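Here's the structure, in structure tokens; my notes come after.
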Amino acid sequence: MKKTLSIIALSIIGLGLVSCKKENQQAATGAEVANITDSTAGATNLAPTAAAQVSAEAATTAPASNQPSTSVALSENNFDFGKIKKGDKVQHIYEITNTGKNPLVISEVKPGCGCTAPDFTKEPILPGKKGKITLHFDSSSFDGNVQKYADVFANVDKAPIKLTFTANIQP
């Protein structure tokens, strides 16, 4: 009975983990099941490892949340490129000012689609100082009016910050 409960518990924990390579996940799952059938002590040893992996993933995806909060001001959060030719590659720089008392750390800028690529100030932005977020847009796949966005993840209370731009793409 204990072995069955241990296997069920480990299966539930195992479903919560995400892996980019299925073959690695399957190999690991097979090894964990083999360990459980040999000993119920293996279940207690494996569960903390699974929890540690989930915690490690969370820590790497949101490092700015570990920083003390600060506040920011944007020069603008929306930009209009106006009329551009289809196939043009354009960019716009959004200026961000740290208006708070703690360093501003931008951990990630996540565009809404693959047509937009971000660049941003990687080092902490000290209070009173300015940083840059550049959005590069490739209009090759679009016609007419488009609106795109990128989410900026940083150590601010209302994250993510949404930056948007529009363009009217002409043939």
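Go through 78-88, 128-138 and give me the packing order, highest mean Cβ count within 10 Å leading.
Numbers: 78-88: 13.3, 128-138: 16.5.
Sorting 78-88, 128-138 by mean packing, highest first, produces 128-138, 78-88.
Amide H to amide H under 5 Å from G100: which residues, 5+ apart in sequence or cross-chain, H placed 1.01 Å off N in plane?
S71, G128
For every other residue with a beta carbon closer than 12 angstrom to the beta carbon of Q147, add +1 if it is Lys or Arg and -1 if Asp or Glu, then tell me the sum.
Numbers: positive: K148, K162; negative: D80.
Summing Lys/Arg as +1 and Asp/Glu as -1 gives +1.
I want to verify the translational diffusion coefficient of the stretch 105-171 in µm²/s; compute it with Stokes-Einstein, Rh as the Kirkwood radius over Cα pairs, at 10 °C and 1.306 mPa s.
On the way: Rh = 13.1 Å.
Diffusion coefficient, whole number: 121 µm²/s.
Laboratory data are not the source of any read-out in this text; all were calculated from the coordinates shown. This one's a predicted model, so the numbers in the text were calculated from it and none came from an experiment. Quick reminder, even Gly has a Cβ in these numbers, built from the backbone with ideal geometry, and neighbours come from all protein chains shown.
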